[in-house]
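Down below is the structure, laid out as structure tokens.
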Amino acid sequence: MCTKRPLVAGDVIYAERPFIALPVKFYLTSAPPSGLTLEGFTQHAWKEREELLKEMIALLPPERQAAYRALANSHTHDGSGPLAGVFRTNGFGLGLDTWREIIPDIDDRDNRADHETTISGVCDTLSRINHSCCPNADVYFDMPSFSFVLSAVRDIPAGTDVTVGYCDLTDPAAARQKDLTPYGFTCTCVACVSPNSSDPRRATIAASFPDPKFVVRMWLMNVVLPDDYVIQDSQRMIRLIEEEGLQSAWCYTLHFAVLAMAYAALGQRENYLQARERVSALGRACNPVEGHQLMVSLPEFRNSRSSGGCGCPTMDGGGLPSSMRK
Ligand SMILES: [Zn+2]
């Protein structure tokens, strides 16, 4: 997929309902023959899976059935069967937020971890998007429309290949290559060809996952720290993330939220608005549910006269004592 016009971070590129969506993990519905080896048991399970997928795909219109079968299949030699192979090659996870809408008490359940990655959906167009370890787009699942939504995570010039990440992008290059093996290609992106420089930087990014309210509150309470203490730290991480092309990582959005809250506390109106806009755009692109929660902590600017000051929000809802830094 290639862009025909320039895009900015947060732009929706494409939205699509999946052919099918079903659990990745599954339980056998028939007893396997006795005496099977582990390999034999696995083959029996894949045979059941293939039969289920045949019934599901048969419910689609003929042209959709043909489109599903035309997708890439990297599992042609492991006994998956052609339909299951397509499912394993092209699935997108629906994500935990989707499950929270279906099962409201999911966070209280002991087996939450199993649910987190259980459901996967296969799309006609979105499943064909190429991989990059420095992707310029991200996909999330929108439950109300039952659609996967592809959005830009950074500005994208016209004529650029749109890419997403197929694996955990903060893993070392060797681990990423191993995760990408089932897809049948070797990634040759700048991060994969320079692991000695990229791996430590990605490890630093992975370890930087700030809770914006907590970080800013701790800074506000410690008057010994410089006024730009958290700002410098988050700006440094934002530069590192941009240099690695990891704007799709959620910590990138969190660091802009830190900046916005710190600027509000310092009464820096223009800087606050710019950081807030980045949180809004990145939230739309990567994680609308958590993005909305962040935006609740970043209210609209108040009228400067009525607020009696520069107009910066006082973060009353977040409990941030902004006056300490003013
Ligand atoms: Zn790569």
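Tabulated data
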quantity: Residue in the range 89-106 that is in contact with an Asp or Glu (Cβ under 9 Å, 6 or more places away or on another chain), assigned to a loop (DSSP other than H, G, I, E, B), modelled with pLDDT of 80 or more and away from the ligand (no atom under 16 Å from the Cβ) present; calculated: no
quantity: Hey, Met237 under 23 Å from Leu282 (Cβ atoms), away from the ligand (no atom under 16 Å from the Cβ) and under 20 Å from the mean Cα position of the chain (by Cα) or not; calculated: yes
quantity: Residue check for Val223: within 30 Å of Phe19 (Cα to Cα) and among the aliphatic types (A, V, I, L, M); calculated: no
quantity: Selection status of His44, over 26 Å from Pro144 (Cβ atoms) and either touching a Leu at 6+ places or on another chain (Cβ under 7 Å) or at pLDDT 85 or above (or both); calculated: yes
quantity: Flag for Leu53 being at pLDDT 80 or above and surrounded by 13 or more Cβ atoms within 10 Å (Cβ to Cβ); calculated: yes
quantity: Tally of residues being within 11 Å of the ligand (Cβ to nearest atom) and either in contact with a Phe, Trp or Tyr (Cβ under 8 Å, 6 or more places away or on another chain) or polar (S, T, N, Q) (or both) across the range 178-190; calculated: 4
quantity: Candidates Val230, Val215 - the one that is of a type outside the set (Phe, Trp, Tyr), away from the ligand (no atom under 16 Å from the Cβ) and under 22 Å from Val289 (Cα atoms); calculated: Val215
quantity: Residue pairs meeting the criteria (Cβ under 9 Å; at least 6 apart or on separate chains; first more than 8 Å from Gly245 (Cα to Cα) and assigned by TED's automatic domain parsing to the domain that holds Cys167, in the range 128-141; second more than 15 Å from the ligand (Cβ to nearest atom) and basic (Lys, Arg)); calculated: Ala137/Arg154
quantity: The range 153-177: number of residues that are within 16 Å of the ligand (Cβ to nearest atom), of a type in the set (A, V, I, L, M, F, W, C) and assigned to a strand (DSSP E or B); calculated: 1
quantity: Criterion: in a loop (DSSP other than H, G, I, E, B) and loosely packed, with under 12 Cβ neighbours inside 10 Å - qualifying residue of Ser34, Ser74; calculated: Ser34
quantity: Subset of the range 191-212 that is over 21 Å from the mean Cα position of the chain (by Cα), assigned to a helix (DSSP H, G or I) and farther than 17 Å from Met237 by Cα - its residue that is farthest from the ligand (Cβ to nearest atom); calculated: Asn196
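The values are calculated or read from the model by the stated rules, or taken from the named source; none is laboratory data. Quantities reported herein were computed from a predicted structural model and do not represent experimental measurements. In this analysis, Cβ positions are derived from the backbone assuming ideal geometry, glycine residues included, and neighbour counts consider all displayed protein chains.
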